[in-house]
Amino acid sequence: MAPAESEQHPRKALALAAHDASGRVTPIRISRRDTGDDDVAIQILYCGICHSDLHTIKNEWRNAIYPVIAGHEIAGLVTEVGKNVQKFSVGDKVGVGCMVNTCQSCESCNEGLENYCSKIIFTYNSRDRDGTVTCGGYSDMVVVNENFVIRFPDSMPLDKGAPLLCAGITVYTPMKYHGLNEPGKHIGVLGLGGLGHVAVKFAKAFGMRVTVISTSPDKKEEAMERLGADAFVVSSDANQMKSAMGTMHGIINTASASVSMYPYLGLLKPQGKMILLGLPEKPLQISAFALVGGGKTLAGSCMGSIRDTQEMIDFAAEHGLTADIELVGAEDVNWAMERLAKGEVRYRFVIDVGNTLVAA
Ligand SMILES: NC(=O)c1ccc[n+]([C@@H]2O[C@H](COP(=O)([O-])OP(=O)(O)OC[C@H]3O[C@@H](n4cnc5c(N)ncnc54)[C@H](OP(=O)(O)O)[C@@H]3O)[C@@H](O)[C@H]2O)c1
Ligand SMILES: [Zn+2]
Ligand SMILES: [Zn+2]
């Protein structure tokens, strides 16, 4: 069933929907479910624009269920709670990230790694339990099971904090689980976009040495002066790449396009780890020798659990860590998407939903 207006879900909401692989979004009215006993209804004030939204609305992953209402960096205020809800009250500052439900009983769920549940229901473009398709945060409200809602710390702003709900947790998780959060270790951040720029900030908060590896020489000054990176390597510059060879304990790879792994694996120390986060639609190019020779690890990582997301945002608040954002109105989302596709964002677009997504 399409996510647009249905009789099954009587509550109306406004949204921005993509209708085909052109990826252009236009306003639409959708239906949301009523607030169930375990649910929290949220007035959405801000929603980040993740590159995964762009991949999805353009059907680059060949899984779009149109109309697609993207958005999984949702921040807003609780407007209603179901009768069983324990953790939240009306008026609370909250967020929703990439998932809105899982089976809550499989091995992954029991281990607190529900982001790897095979029955995961993503925040958008995913089949919900009632057969409808989930609609994300490019919308003025959402209803979510309380177990998948994150509490915003008091000091965390909703606009600059919203991107932490995907970009933040996606980089925090592999750092935590692969020992790439230890003071003094040297980490490379490949790709300085939405994920990459918060990876630099988390790595600095962990006390690490950070080198940005980028295709964009013009990002150097900001990377070092504003974001706090210790070094900046332009990947097309053979001399710069050579001088960084064999120096890194790990690389957080956020490149959104398919790139040759060979030169980047060379930057790792023996037994270093390359963690893939980027999800280009085309296969990666990799030489076995580049991996086997130095006993290196190539791993992937997908989002993070709810427990880790709460831990991450609390840690970010303690360290005054937020995303660098460009706030855009609902009417400018198509323009923002074009700039995101060209890699022109510094460093995350956030939609000012509360002030600009209003009925005409
Ligand atoms: N694993 C997960 O759970 C997860 C979660 C969220 C997003 N993602 C994926 O992660 C990727 C990045 O997301 P994002 O929102 O951070 O995107 P973004 O803001 O567009 O940043 C991606 C960065 O990749 C670099 N890049 C682009 N084309 C490149 C190329 N041809 N070669 C090398 N580097 C290139 C650019 O950095 P420079 O200009 O510095 O080179 C660009 O800023 C996307 O594929 C997204 O779908 C995965
Ligand atoms: Zn995302
Ligand atoms: Zn499960």
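The values are calculated or read from the model by the stated rules, or taken from the named source; none is laboratory data. The structure displayed is predicted, hence computed values, not measured ones. Here the Cβ positions follow ideal geometry from the backbone for every residue, glycine too, while neighbour counts run over all protein chains shown.
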- On the given criteria, is G23 of a type outside the set (A, V, I, L, M), modelled with pLDDT under 95 and in the same structural domain as R127 (by TED's automatic domain parsing)? yes
- Unmet requirement for G191, which otherwise passes all of (1) at positive phi; (2) in contact with a helix residue (DSSP H, G or I) (Cβ under 7 Å, 6 or more places away or on another chain): (2)
- Among the residues of region 194-209, is there at least one that is within 16 Å of ligand 2 (Cβ to nearest atom), within 15 Å of I169 (Cα to Cα) and of a type in the set (V, I, T)? yes
- Counting only helices (runs of 4 or more DSSP H) wholly inside region 141-247, the ones holding at least 2 residues that are of a type in the set (D, E, K, R) and either more than 21 Å from L267 (Cβ to Cβ) or within 16 Å of ligand 3 (Cβ to nearest atom) (or both) are 158-161, 220-225
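Which of the following residues is of a type outside the set (K, R) and in contact with a Ser or Thr (Cβ under 6 Å, 6 or more places away or on another chain): A21, A41? Give the derivation first.
On the way: A21 fails: in contact with a Ser or Thr (Cβ under 6 Å, 6 or more places away or on another chain).
One residue alone meets the criteria, A41.
Could you tell me how many of the residues in region 121-130 are surrounded by fewer than 23 Cβ atoms within 10 Å (Cβ to Cβ) and within 16 Å of the chain's Cα centre (by Cα)? Let's see the steps before the verdict.
Looking only at region 121-130, we keep the residues that are surrounded by fewer than 23 Cβ atoms within 10 Å (Cβ to Cβ), and these are 121-122, 126-130.
Filter once more, so that each one left must be within 16 Å of the chain's Cα centre (by Cα): 121-122.
Residues flagged as surrounded by fewer than 23 Cβ atoms within 10 Å (Cβ to Cβ) and within 16 Å of the chain's Cα centre (by Cα) within region 121-130 amount to 2.
Here are some residues: A75, A41, A70, A15. Which one is outside the structural domain of P280 (by TED's automatic domain parsing), part of a strand (DSSP E or B), within 15 Å of ligand 2 (Cβ to nearest atom) and buried (at least 20 other Cβ atoms within 10 Å of the Cβ)?
A75
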- Is it true that some residue in region 75-83 is within 19 Å of L16 (Cα to Cα) and either more than 16 Å from ligand 1 (Cβ to nearest atom) or touching a residue at least 24 places away in the same chain (Cβ under 8 Å) (or both)? yes
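Within region 248-267, track down each residue that is in a strand (DSSP E or B), touching a residue at least 60 places away in the same chain (Cβ under 8 Å) and either out of contact with any Leu (no Cβ under 6 Å at 6 or more places or on another chain) or within 14 Å of ligand 1 (Cβ to nearest atom) (or both). Explain how you work it out, then say what you get.
Step one: of region 248-267, the residues in a strand (DSSP E or B) are 248-253, 260.
Filter once more, so that each one left must be touching a residue at least 60 places away in the same chain (Cβ under 8 Å): 248-253.
H249, I251, I252, N253 - these are the residues of region 248-267 that are in a strand (DSSP E or B), touching a residue at least 60 places away in the same chain (Cβ under 8 Å) and either out of contact with any Leu (no Cβ under 6 Å at 6 or more places or on another chain) or within 14 Å of ligand 1 (Cβ to nearest atom) (or both).
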- Task: Any chance you could count how many residues in region 88-117 are away from ligand 2 (no atom under 16 Å from the Cβ), of a type outside the set (D, E) and either touching a strand residue (DSSP E or B) at 6+ places or on another chain (Cβ under 8 Å) or part of a loop (DSSP other than H, G, I, E, B) (or both)?
- Result: 15
- Over region 19-45, the set of residues of a type outside the set (K, R) and closer than 14 Å to D332 by Cα is G23, V25, T26, P27
- Item | Conditions (1) farther than 29 Å from V333 by Cβ; (2) more than 16 Å from ligand 3 (Cβ to nearest atom): number failed by C106 | (2)
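In region 286-296, is there at least one residue being within 16 Å of ligand 3 (Cβ to nearest atom) and out of contact with any Leu (no Cβ under 9 Å at 6 or more places or on another chain)?
Filtering region 286-296 for residues within 16 Å of ligand 3 (Cβ to nearest atom) gives none.
No.
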- Kindly indicate whether P270 is assigned to a loop (DSSP other than H, G, I, E, B) and either within 16 Å of ligand 3 (Cβ to nearest atom) or not hydrophobic (A, V, I, L, M, F, W, C) (or both). no
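For region 118-133, what are the residues that are closer than 22 Å to P174 by Cβ, within 16 Å of ligand 2 (Cβ to nearest atom) and part of a loop (DSSP other than H, G, I, E, B)? Spell out the reasoning first.
Restricting attention to region 118-133, the residues satisfying the condition of being closer than 22 Å to P174 by Cβ are 118, 120, 122-123.
Filter once more, so that each one left must be within 16 Å of ligand 2 (Cβ to nearest atom): 120, 122-123.
Listed by number, the residues that qualify are I120, T123.
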